[in-house]
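Everything on this sheet refers to the single structure shown next.
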Amino acid sequence: MYKEVFQTITNHSESEVVEFKKAENNFDFDDLGKYFSALSNEANLRRLDFAWLIFGYDEKKHEIVGTSYKNGEGALNNLKHDFSQHTTDGQTFREIIPIEVDGKRILMFKIPASPRNIVMKWKGIAYGRDGESLKPLNQSKQDEIRRQRDVQPGICRRALHVRNRFATLWGEIGGFGVLYLQEKSNYGKYIESTEPPRPGIKV
């Protein structure tokens, strides 16, 4: 199923919540942390449940190059643990999914949006995106995140019914419409919150 997600993501260019890296053999640990912070914060600001970082894909050439980064389940689990030592609230990757496409290994990092009203930092510094550029998160974006209200049960009831595990949704990313795939679970429940739920949120 994640091959379908990969195909959908690669049909579009990089954005504030999608990043491609070749990372054929290695990738700097601190740079990975900065991207985690940036993508997590940008997902929060766009009310998405998560963002994606993809290793093993050359976005400029639209070519699968493959990656040997952290090959093996043990190495990936250790990476998730090491990451949690340097992020806000010990956050780490929701999942790190290795897939094989055209005989080459791809790594898909599923990065959770920063919690409501909490800015995600890497080693004490918050990062964000300006188009495809990585830079410290500006103060206005930090203030926007910190002003978010906590969810209070019983304020607003919203009914959702999802038949398929995956749903294709339209979102506004970087000022233009882009098709992205958000994971959905089979459920037919009410959500109680002060705000509409983020696309892809599980209940």
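The values are calculated or read from the model by the stated rules, or taken from the named source; none is laboratory data. Keep in mind it's a predicted model, so treat the numbers as computed, not measured. Protein only, heavy atoms only, side chains kept; ligands, DNA and RNA dropped before computing areas. Shrake-Rupley method; radii C 1.70, N 1.55, O 1.52, S 1.80 Å.
List of remarks:
- Sorting I118, I125 by accessible area puts them as I125, I118; the probe is 1.4 Å, largest comes first, and only protein heavy atoms count.
- Each Cα pair under 8 Å and six or more residues apart adds its sequence gap; the mean of these over the residue count of region 1-102 is a relative contact order of 30 percent.
- Set K121/K141; K60/K110; K60/K123; K34/K110; K3/K104; K21/K123 screened for pairs whose C-alpha atoms are more than 19 Å apart: K60/K110; K60/K123; K21/K123
- Cα gyration tensor category, rounded, prolate or oblate, for region 1-116 with a/c compared to 1.5: oblate
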